[in-house]
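Novice: I have a structure here, written as structure tokens, and I will follow up with some questions on it.
The values are calculated or read from the model by the stated rules, or taken from the named source; none is laboratory data. Note that the structure is predicted; figures quoted are calculated from it, not measured. Neighbour counts are summed over all protein chains in view; Cβ atoms, including those assigned to glycine, are modelled from backbone coordinates with ideal geometry. Side chains included, ligands, DNA and RNA excluded: accessible areas come from the protein's heavy atoms. Shrake-Rupley method; radii C 1.70, N 1.55, O 1.52, S 1.80 Å.
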Amino acid sequence: MCLFEMGFEEKAIKLQVKEEKACERKKICLHAFTDLTYVDPIVFLYLLKECYVHGNLKATKKFRALQQEVHQVLCNSPQPGPATFVAYCLYILPIFGSYCEGFSHLIVSAFHRFLKTAATTGDSLEAKIIAVRLFLDIIEGSIDHDERIAVKILEVFDIKLTDIEKVASQSKAKNDRRFHNVKAFLEQYIFGFIESESYMTAVNLLEHFSIRQSGESFLVKMIEKKQFRAAEKWATFMGKPMLSMLVQEYVDRNKLKSAYLIVKKNNLQQEFPDVHHKYKESALKKLAEKACWDVAEAKANGDRQLVDYLVYLAMEAGYLEKVDELCNRYSLEDFPKAQEHEAIFLQHCFLNLNELGVEDIIWVDELNGLGKATCHIEGSKVVGLDCEWKPNYVKGSKPNKVSIMQIASDKKVFILDLIKLYNDVPDVLDNCLTHILRSPRTLKLGYNFHCDVKQLAQSYGDLECFKCYNMLLDIQNMFKDPRGGLSGLAEKILGAGLNKTRRNSNWEQRPLSQNQLEYAALDAAVLIQIFYRVCDHSHTADALDGHNKIEWKSYIVSHMDNPRKSRKESRLRKEPEPEVKDNEA
């Protein structure tokens, strides 16, 4: 459409429109965006719609661009004034159907921005009267606007109860009894939102018109419906007694963080002296459950009561090594040395290496050890793989390098010090792991191993061994909706889980503690036992999600980045897959 016929000859924007196979250029004159002296609101809105419909940007970018244009329009002296012009636009917008809501928000937000920079609009009184009539028409239902727009109209035009009463009095003079009691009329309107559970709209209106009610039942109702933001806004408006009630409701529902933030923001420490401590303890417990002990200790910040609680959590988790570490660091003498009880605790609660048949854990950090480990692993039909790296708690920062790689056979677990081996003998490390990971004779078991492979490739990008693999079986993929991670799966299949308290410990420290070595070894060794049990005909159907036997061979995957293979690798590819019989497994 060309609008030059209407007498506009100023700048135009070109918008491309695809119509069937042809692509024609359309021009929309922007004269109405630069000079509103002789342009009606409806013409302006039509041009706005055309720009939006035919613009080739994405919706969000178009909205922002047009918001900027509308803001500029309001600075260009629209007649009879910017506020009145906006009020008339809002009156007209419902005739634009599906565009009404979006354009209403666009124009209101642009006007709100304009008011922040304009000293005065010069037409605020006239505009307010129009806006009040618009709001009353919305209430009556004669103008179809979204409830949020109604609230925004009140806010942006600063409409008070007295303004509505003034306009309503003019209706009374014309024997219009609809607004005989304006406050009661508004309360009835607001009550409708409460009934329909539009609590935030109701709260916004009650606060705007300073309408206060008893509020207790209203507050409880919002909390029960989990409308917490509305409940907090309402309680803040009502004052300290209502805020105190809200805090207590949060405490009773164990929403300690929300309770703590309200207490802190509204200076209610005297009324609720224990909330801060309960919240901190709750935060420590959540971190302990995720095995984020270092973060939990930092959060305790040396507070004796919180450190004591962290020690208790470590004892409860069976992480008695951490108990002694904390006791030594903070000179806590009330807690007995407890290593002698740890073995008994772990034996009753979690799997141990003896139960899995592991006879030896071998630390590999030099050339000869790496060669022996590679020979042993290449002679195994099935091995379990896992990796560990030091956690990084700085948000947005890169994860640390993979520190160790665990490779378990039936009886032995080799723990490769990747950091040292990479620094000392990178070529040999690359060659050995290439043979292991690409071997078609050895079935490699992992759990969510694609994550480990990705981390390995990022840590050691110049090594070729982590870019390709063959005969990999990810145990996680064999089960529908696995819960509780590897530990949960072990408990489901083998009858006991894994102790994950050391999951986020410092894997870059050397030497690793005996507990760390055992933890790392368990994660790799348990994969073999789960695999053997899954392949056993005698396994119960319930544990296997309704299957007497999982056809594990269909889950084996390979990944080759480089299509160019050496002759040696080509020969290896042609060799048959290993036969792992069910009874052997």
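Novice: For segment 50-118, give the percent of accessible area contributed by carbon and sulfur heavy atoms, probe 1.4 Å, rounded to a whole number. Can you show the working numbers first?
Specialist: Numbers: 1760 of 3250 Å².
Roughly 54 percent of what the probe reaches on segment 50-118 is carbon or sulfur.
Novice: Give, to the nearest whole percent, the P(r) tail of segment 283-328 beyond 15 angstrom, counting all Cα pairs. Could the numbers behind the result be given before it?
Specialist: On the way: 293 of 1035 pairs.
For segment 283-328, the share of Cα pairs beyond 15 Å comes to 28 percent.
Novice: Something else: Express in whole angstrom the spacing between the alpha-carbon centres of segment 242-280 and segment 149-167.
Specialist: Going from one Cα centre to the other spans 35 Å.
Novice: Can you pick out the pairs among 49/226; 265/395; 58/454; 286/420 whose Cα atoms lie more than 31 Å from each other?
Specialist: Details: 49/226 38 Å; 265/395 25 Å; 58/454 33 Å; 286/420 34 Å.
Over 31 Å Cα-Cα: 49/226; 58/454; 286/420.
Novice: Roughly speaking, to the nearest percent, how much of segment 403-447's 1.4 Å accessible area is carbon and sulfur?
Specialist: Details: 670 of 1330 Å².
That share works out to 50 percent.
Novice: Take the alpha carbon gyration tensor of segment 383-514, find the square roots of its eigenvalues, order them as a ≥ b ≥ c, and report rounded if a/c is under 1.5; if not, report prolate when a/b exceeds b/c, else oblate.
Specialist: Numbers: a/c = 1.57, a/b = 1.17, b/c = 1.33.
Oblate, because a/c is 1.5 or more while a/b does not exceed b/c.
Novice: Any idea how far apart residue 352 and residue 420 come out in nm if each label point goes 7 Å out from Cα toward Cβ?
Specialist: 2.7
Novice: In Å², what does the accessible area per residue of segment 41-180 work out to with a 1.4 Å probe?
Specialist: Details: 6990 Å² over 140 residues.
About 50 Å² of surface per residue is accessible.
Novice: Suppose we keep just the alpha-carbon trace of segment 41-180; what are its Rg and Dmax in angstrom?
Specialist: Looking at segment 41-180, its Cα Rg and Dmax stand at 15.5, 53 Å.
Novice: Which of the peptides 434-446, 287-299 is most tightly packed, and how do the rest follow, going by the mean number of other Cβ atoms within 10 Å of each residue?
Specialist: Those peptides, ordered most packed to least, come out 434-446, 287-299.
Novice: Which loop-located GluC sites (Glu not before Pro) does segment 340-435 contain, where loop means any DSSP state but H, G, I, E or B and the Cβ has at most 11 other Cβ atoms within 10 Å? All intermediate terms of the calculation are to be shown ahead of the outcome.
Specialist: Values: sites: 340, 342, 355, 359, 366, 378, 388; in loops: 355, 359, 366.
Sites meeting the loop and neighbour criteria: 359.
Novice: Any idea how far the Cα center of segment 305-319 sits from the one of segment 441-489, in Å?
Specialist: Each part's Cα centre sits 33 Å from the other's.
Novice: Something else now. With a probe of 1.4 Å, find how much accessible area segment 466-530 has per residue, and write the answer as a whole number in Å².
Specialist: Numbers: 2380 Å² over 65 residues.
On a per-residue basis, segment 466-530 sits at 37 Å².
Novice: Within segment 393-427, list the chymotrypsin sites (Phe, Trp or Tyr not before Pro) lying in a DSSP loop whose Cβ has at most 13 other Cβ atoms in a 10 Å radius.
Specialist: When the chymotrypsin sites (Phe, Trp or Tyr not before Pro) of segment 393-427 are filtered for loop state and at most 13 Cβ neighbours within 10 Å, 393 remain.
Novice: Given Cα pairs under 8 Å that are at least 6 residues apart, what percent is the relative contact order of segment 426-512? Show your work: numbers first, answer last.
Specialist: Values: 75 pairs, mean separation 22.8, N = 87.
It comes to 26 percent, rounded to a whole number.
Novice: Please go through the residue pairs 116/257; 372/467; 381/553; 480/553 and name each one whose alpha carbons sit more than 25 Å apart in this structure. Show your work: numbers first, answer last.
Specialist: Values: 116/257 35 Å; 372/467 23 Å; 381/553 14 Å; 480/553 16 Å.
From 116/257; 372/467; 381/553; 480/553, over 25 Å: 116/257.
Novice: A further question on this structure: Taking the convex hull of the alpha carbon atoms in segment 429-471, what volume per residue do you get, in Å³?
Specialist: Details: hull volume 2.6 nm³, N = 43.
It comes to 61 Å³ per residue, whole-number rounded.
Novice: For a quick check of understanding: with a 1.4 angstrom probe and all protein chains in place, what accessible area in square angstrom does residue 217 have, to the nearest ten?
Specialist: Accessible area of residue 217: about 80 Å².
Novice: Along Cα→Cβ, 7 Å out, is where each label goes; now give me the distance between the ones at residue 125 and residue 170 in nm to one decimal.
Specialist: So the label points at residue 125 and residue 170 sit 1.2 nm apart.
Novice: Using a simple spin-label model with points 7 Å from Cα along the Cα→Cβ vector, what separation in nm is obtained for residue 229 and residue 217?
Specialist: Between residue 229 and residue 217, the label points sit 2.8 nm apart.
Novice: Determine the gain in length on full extension of the stretch residue 42-residue 158; use 0.36 nm per residue of separation and subtract their C-alpha separation, reporting nm with one decimal. Intermediate values should be presented prior to the final figure.
Specialist: Details: separation 116, 0.36 × 116 = 41.76 nm, distance 2.43 nm.
Additional length available on full extension: 39.3 nm.
Novice: Here's something else I'd like to know. Taking R0 as 22 Å, what FRET efficiency do you get between residue 312 and residue 360 from their Cβ-Cβ distance, rounded to the nearest 0.05? The partial results should precede the final answer.
Specialist: Values: r = 35 Å, r/R0 = 1.60.
It comes out at approximately 0.05.
Novice: Something else now. Between residue 333 and residue 428, what is 0.36 nm times their sequence separation minus the Cα-Cα distance? Round to one decimal in nm.
Specialist: Working: separation 95, 0.36 × 95 = 34.20 nm, distance 4.95 nm.
Gain on extension, residue 333 to residue 428, equals 29.2 nm.
Novice: Using 0.36 nm per residue of separation minus the Cα-Cα distance, give me the extension gain between residue 76 and residue 53 in nm, one decimal.
Specialist: Length difference between fully extended and current span is 5.9 nm.
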